[in-house]
1. For the range 329-351, name all the residues that are open to solvent by 20 Å² or more (accessible area, probe 1.4 Å) and either hydrophobic (A, V, I, L, M, F, W, C) or under 19 Å from Ala450 (Cβ atoms) (or both).
2. Out of the range 518-557, which residues are assigned to a loop (DSSP other than H, G, I, E, B), more than 47 Å from the chain's Cα centre (by Cα) and within 27 Å of Ser495 (Cα to Cα)?
3. So how many residues does the range 622-640 have that are in a helix (DSSP H, G or I) and loosely packed, with under 15 Cβ neighbours inside 10 Å?
4. Which condition breaks for Gly665 when tested against (1) open to solvent by 80 Å² or more (accessible area, probe 1.4 Å); (2) within 21 Å of Cys508 (Cα to Cα); (3) over 21 Å from the mean Cα position of the chain (by Cα); (4) not aliphatic (A, V, I, L, M)?
5. Scan the range 383-401 for residues that are in contact (Cβ under 8 Å) with a residue 60 or more places away in the chain and either open to solvent by 20 Å² or more (accessible area, probe 1.4 Å) or assigned to a helix (DSSP H, G or I) (or both) and report the count.
6. Across the range 145-165, what is the total count of residues that are crowded, with 18+ Cβ neighbours inside 10 Å and either basic (Lys, Arg) or under 18 Å from Val78 (Cα atoms) (or both)?
7. Looking at the range 181-219, which of its residues are touching a helix residue (DSSP H, G or I) at 6+ places or on another chain (Cβ under 7 Å), surrounded by fewer than 24 Cβ atoms within 10 Å (Cβ to Cβ), of a type in the set (D, E, K, R) and not in a helix (DSSP H, G or I)?
8. So if I check each of Ile619, Ile651, which one is open to solvent by 40 Å² or more (accessible area, probe 1.4 Å), hydrophobic (A, V, I, L, M, F, W, C) and free of Cβ contacts under 8 Å to residues at least 60 places away in the same chain?
Amino acid sequence: MNEDQTSHFLDAFFKPRSVAIIGLSRSAIDAPVSVLTTLKDFGYGGQIHVVNPSMKGVEGINVCASLNELPEPVDLAVISVERSSVPGVLQECADNGIRSAIVITQGFADADDEGRQLQEKLVALSKERGLRILGPNTIGVTNALERFTSSFIEVQRDNAPVGQVAQSGLFMMGHHRMGNDPAGFCLSIDLGNTCDINFVDVLEYYEQDDNVRVIQCHAEAIEDGRAFVDAASRISASKPVIALKAGKTVTGQAAVVSHTGAAAGAAEVYRAAFGKAGVVPAEDAEELRLLTKAFVTYRPPIGRRVAVMSFSGGGNILAVDAIEKAGLSLANLSEATKSNLRNLFPSWLNLENPLDVWIPLSKNFQTAFPTVLESLLGDEGVDGVICIYCSYPRPKYELFDSSAHIAAIAGKHPEKPVMCWSYGLDIEGFTRDIEKDGTAMVFPSLDDAAKTFAKMADYAAHRQRRRGAGNRPGSDARDADIEAVLQRAVGASQSYLFKESLEILESCGLQLAPWRFATSADELAAKAKELSYPLCLKIVSSDIVHKTDSGGIKLGIQDDAGLLESYGQLKDDVFARVPGAGISGVLVQEMAASGIEVMIGAKRDPHFGPCVVVGTGGIHTEIHGDYAIRLAPISEDEAYEMLEETQVSRILSGFRGEPPRHVAGVVDALLRVSRLVCTQPWIKEIDLNPLIVGETETVVVDARIIL
C-alpha cells in the first residue's frame, strides 16, 4: 500500500494488499500452526509472497530467495526469523520499499540483555529508515472485515463492532470464547513489546474507524501514559474504552517485565489514569469480556435505579444483595406501574420492587411475563431491569418460554438494559435465543450483572460530567520564591527537603503552624520568643526522613526551660539512633490545635507523570491504607470526589455527633499541592503529613519534598 494511498499508517497492517512472509519453513507450508495456513484459511484475497532462500518450487505460492526478487511492491512484511537476523531483515525491507513490518520473533526486551540490545536496534531502525514496526514478540493483527490475519494460530472471523488492542496474543486467539460464551471483535492487534507501534497509535486508529463502536484494551505496561490519557479522554466521549491492567500484584509486575520487557506501573496509578480518561476498568479477563459485550449490547443507562423481576423469591434476595454490593439502588415503582400490574397479582401480595412474578406467570405466562417486563421498563423511575427466569427444556415447557419476550421487549427499550440471569436445565439454549438479536445479555451471575450495570452507569455519568479545568486555586502562589528555594537546593545537591519544603508550601499559599529555624541553643531561645507555647522541636537533617523513628521530634514543650532541655535530649536521641547523622539545626514550631489528621501527597509516576493522593494521616498512614489517588492537575470536583472515596471523609463530615471539620481547607490544600507538582518538574515527591483539620481551619504541621 503506497504511502499516498493510505489515510493512516496502520492501514498497511490491517488492510494490506500484499504480504511478504519472511522466515516460513517448508514444513510450515500446510501445517496448522503457520501464518500462511491461517491467512489462507481466513480467506485473504491479497497477494502472498514467501521469502526463504532455502525453499524452491512450492505449488500455488510465490517463493522468493530474497526481498530483492519480489515481483511487486509489498505493503507488509511478516517476519519470523532468528532474533539476531531480525535487524538485517528489517534493513532489507527498508531497502526494498517496505515500510511496515510485524516481528513475530521473541527473545528481545522480554528476554535478556542481548535481547534488549537487539530491540534497541529495532527502535533505531524505525527512526532512521522510516519503518513502522509492530512487536517484536507479537502475533500481529486480525481484521475480520478484510479477511486478513497474521496470527499463526486460527482465529475466529467475527464482525462484532469491537476493536481490540492487547499486549498478549491470548486475546486475539481465543479470549472472546472463554467459557464457550462468544463476545467477538472485528479488529485486533497484539502490541507485543511495543518497540514502535503503541496504544495511542491504535486508539487513534480505532477512533476514526466507524466499524469500531467499542474499544477493548489489555495493558501490561503503558509507556507514554499521559498521551494514553489524552487520547482515551477524547475517544471515550464517543466510544467506550474498556481496559484491563495486568500485573497488579508484586509477583504479577515481575512477570510483566519478562513478558513484554516493560516496567509495570503501580496499579493505583493505572486506576487513577483510567478514571481521569473515562476508561471503564475491568478487574479480570472475564469482566473485560463481559463489559465489552455489554457495551456492544446496551446503551449505557442514565441512572443507577434497578428493578428486579424473578420467577423465584430467593432469586430476588440474591439480586438485592448484588445490587447493593455494586453501589446501585432498588428503583421505587411508580403508582401507575403498580396500578397497571395489580390485576395480575393476588390482593395480599405487596407490589414492591423486587417483584416475585411466579404466581401471575403460572396462571397466564404469555400475557403476564411481557406485561410485567414492559411495565417496569416503562416506569420513569427505573433505569434498567434484572430479569431472573427459568430455562426449562423445550418443547416440554414451551408455555414458559421467556426468551422471545425478553429479546423483543429489550429491543424496544435500548436505553434501559435488561440484564438476565437464569437457572434450569437448558440455560445454553435460552441464552442463544435471548442474545441472538443483540438486545439483551445473559450473565454468569447476578453479581456480574449488577457490576456491569454499575460500570456502564459510571461511564454514562462520566460522559455527562464536564471535567474541564474547573476551579484550581493556587494561582496566587509566589512562583518566583518557590523556584528560588528549589534552585538553591538543586545547587547544593539536596534531594530531601524539610525546612525548605515548609518555605515552599508557605509560598504556595498553604497555612502552616508558625515555625522558626535555629542552629544553636542561643538562637533557639531567641527564635522561640517569636512563637507561643506549647511548642515542638524537630530535627533538620538530610540523613533523617522519618523523624519519629530516629528520636528527632519532641512534642508539648511548655516553657523556656523545657525547650532547652528538650533541645539537648533531641540531639542525644538522634545520635544514639542514627550515629554520624549530619544535623543542620532544629525547627521549633507552635503546636497546632487538636483536630483530624489528614495526609496529602504527590508523586511523579514514570509513565503517567504527576499524581496526587489524600487520605488518613498520622504515623499509621501506611497501616490504614485509606487513600484516594488522581492524576494531576485535578479540578475542585475531583478533589471533593477523592475525599469522598476515603474513610476519613466520614469523620471530617461529622461522625457520631462530632462537628463537621474544615473540608474546604483540605480541598484547597490538595489543589495547591496538585498545582505545585505540575509546575515544578524538579519535584519527585511531596508529603504533607499530617494536616490538622479543625472546625474552621486546616493547618500543615509537617512536610517533606523529595527532588
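The values are calculated or read from the model by the stated rules, or taken from the named source; none is laboratory data. Keep in mind it's a predicted model, so treat the numbers as computed, not measured. Neighbour counts run over all protein chains shown; Cβ positions are idealised from the backbone, glycine included. Quick note on the areas: whole protein, heavy atoms, side chains included, nothing else; ligands and nucleic acids left out. Shrake-Rupley method; radii C 1.70, N 1.55, O 1.52, S 1.80 Å.
1. Ser329, Leu330, Asn332, Ala336, Leu344, Trp348, Leu349
2. Result: Thr519, Ser520.
3. If we filter the range 622-640 for residues that are in a helix (DSSP H, G or I), which is where we start, we get 622-624, 636-640.
Filter again for loosely packed, with under 15 Cβ neighbours inside 10 Å, leaving 622-623.
So the count comes out to 2.
4. Going through (1) open to solvent by 80 Å² or more (accessible area, probe 1.4 Å); (2) within 21 Å of Cys508 (Cα to Cα); (3) over 21 Å from the mean Cα position of the chain (by Cα); (4) not aliphatic (A, V, I, L, M) one by one, Gly665 breaks only (1).
5. Restricting attention to the range 383-401, the residues satisfying the condition of being in contact (Cβ under 8 Å) with a residue 60 or more places away in the chain are 383-390.
This time we only want the ones that are either open to solvent by 20 Å² or more (accessible area, probe 1.4 Å) or assigned to a helix (DSSP H, G or I) (or both), so: none.
Adding up the residues that qualify gives 0.
6. So the answer is 7.
7. Asp196, Arg213
8. On the way: Ile619 fails: free of Cβ contacts under 8 Å to residues at least 60 places away in the same chain.
Answer to the selection: Ile651.
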